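The values are calculated or read from the model by the stated rules, or taken from the named source; none is laboratory data. The structure presented is a predicted model; accordingly, all values stated were derived computationally and were not measured. Glycine gets a Cβ as well: all are built from the backbone with ideal geometry, and neighbour counts include every protein chain shown.
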Amino acid sequence: MTRVVKIEKTGDPEVLKIENIEIEQPGPDEALIETKAIALNFIDCYHRSGLYPVKLPSGIGLEASGIIKKVGTKVKDLTVGDHVAYVSSPIGAYAEERVMPVNKLVKVPKEIGLEVAATIMTKGLTTHYLLHKTYPVKANDTILYHAAAGGVGQIFCQWAKSIGCKVIGTVGSDEKISIAKKNGCNLVINYSSENFVKKVMDFTNGVGVSVVYDGVGKSTFEDSIACLKTRGMMVSFGNASGPLEKIDVTKYISPKSLFFSRPTLGHYISARKELVEATDKLFEQLKYGKVKIEIYKKYKLAEVIQAHKDLESRKIIGPAIIIP
């Protein structure tokens with residue numbers, strides 16, 4: 001028997017239930033994984049709340065790391081004992097053990113701990129596509145990133161700084177300013193108490209930024225548009241403050257010939273080749289110290305409800321994991 005977290009209905013964190021189930025044997029192209037660490041991500045809250053619908057009843061979680069216990073008869077590239085990580089469907093990472101298709105798994109170098117590997121996959125691969133695919137940044141680009149002290153933000157700012165970007169970061173409270181500065185921001189703005197449009201325009205001498213990366217959503221959209229220079233790009237990739245309303249193209253996009261993108265990680269790593277390429281780049285950043293990870297908090301599987309409460313209330317100000 002193995003413990004897993006499931007939801008039978010969507011709603012508040014209390015809908016999360018721990019169950020004991022019999023684990024199935026891996027199929028020909030699958031592997032059985034003993035989970036060592038599970039990442040906490042906002043998308044888990046979206047699945048649980050119903051904002052992103054899932055077929056019920058359902059497991060929850062898309063990202064974890066562990067050690068392979070068994071492999072299917074057709075598996076050649078991975079073997080028992082390998083350290084692996086994943087960030088993908090099928091949903092159900094909140095589990096002590098689970099079976100996964102091997103084409104969704106990546107081998108984790110021994111230099112990288114499994115706790116770090118679990119928490120870096122979504123956030124690190126999101127950073128990779130944001131910086132290198134959605135809007136390929138260049139050295140000396142001036143860019144704006146919202147929630148710079150958050151889990152993705154801390155990785156993003158370090159990585160962008162290593163490329164040579166001038167990074168403007170926003171945070172929601174004064175105590176998060178030092179976190180954003182530590183991770184490479186040239187300018188940090190508390191958008192709860194300061195006019196970030198004015199600060200950005202002052203910093204850029206009235207020109208604006210090349211790109212805004214916005215995982216906050218509804219509350220920052222209009223001012224983010226105002227921060228962009230002519231032909232800049234608005235990259236909206238999250239809904240922490242709520243989903244965007246319908247976008248008035250004439251009002252927001254046309255006046256400065258802006259570009260708008262709503263990217264999703266899955267569209268950048270659906271091909272095995274792209275997944276491997278992105279994780280190789282990510283692990284390289286970690287191995288050479290260009291990106292450093294400090295896990296903010298660890299929860300037990302039995303504390304999953306509290307973990308979701310802390311995540312939604314923004315008490316978690318860095319990478320956090322569940323240890324089964």
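If you check LYS292, LYS246 for being farther than 22 Å from THR126 by Cβ, basic (Lys, Arg), modelled with pLDDT under 95 and surrounded by fewer than 14 Cβ atoms within 10 Å (Cβ to Cβ), only one passes: LYS246.
Taken together, the criteria exclude ILE317 from residues that are more than 19 Å from ALA64 (Cβ to Cβ), without any contact (Cβ under 8 Å) to a residue 60 or more places away in the chain and among the hydrophobic types (A, V, I, L, M, F, W, C). A single entry from GLY169, GLY208, GLY150 fulfils the requirement of being touching a residue at least 24 places away in the same chain (Cβ under 8 Å), touching a strand residue (DSSP E or B) at 6+ places or on another chain (Cβ under 6 Å), under 24 Å from LEU40 (Cβ atoms) and not aromatic (Phe, Trp, Tyr): GLY169.
The set of residues in segment 142-176 being modelled with pLDDT of 95 or more and out of contact with any helix residue (DSSP H, G or I) (no Cβ under 9 Å at 6 or more places or on another chain) consists of LYS161, GLY164. Residues of segment 9-37 that are farther than 21 Å from LYS107 by Cα, of a type in the set (A, V, I, L, M, F, W, C) and part of a strand (DSSP E or B): ILE18, ILE21. Do the conditions hold for LYS74, that is, is it part of a strand (DSSP E or B), over 17 Å from the mean Cα position of the chain (by Cα) and surrounded by fewer than 20 Cβ atoms within 10 Å (Cβ to Cβ)? Spelling it out, it is not the case that LYS74 is part of a strand (DSSP E or B), over 17 Å from the mean Cα position of the chain (by Cα) and surrounded by fewer than 20 Cβ atoms within 10 Å (Cβ to Cβ). Of the residues that sit in segment 38-71 and are surrounded by 16 or more Cβ atoms within 10 Å (Cβ to Cβ), assigned to a loop (DSSP other than H, G, I, E, B) and of a type outside the set (A, V, I, L, M), which one is modelled with the highest pLDDT? The extreme case among them is GLY61. Between residues in segment 273-286 that are in contact (Cβ under 8 Å) with a residue 40 or more places away in the chain and surrounded by fewer than 19 Cβ atoms within 10 Å (Cβ to Cβ) and residues that are in a helix (DSSP H, G or I) and not hydrophobic (A, V, I, L, M, F, W, C), which pairs lie under 6 Å by C-beta distance while being six or more apart or on different chains? Correct list of pairs: LYS281/HIS128.
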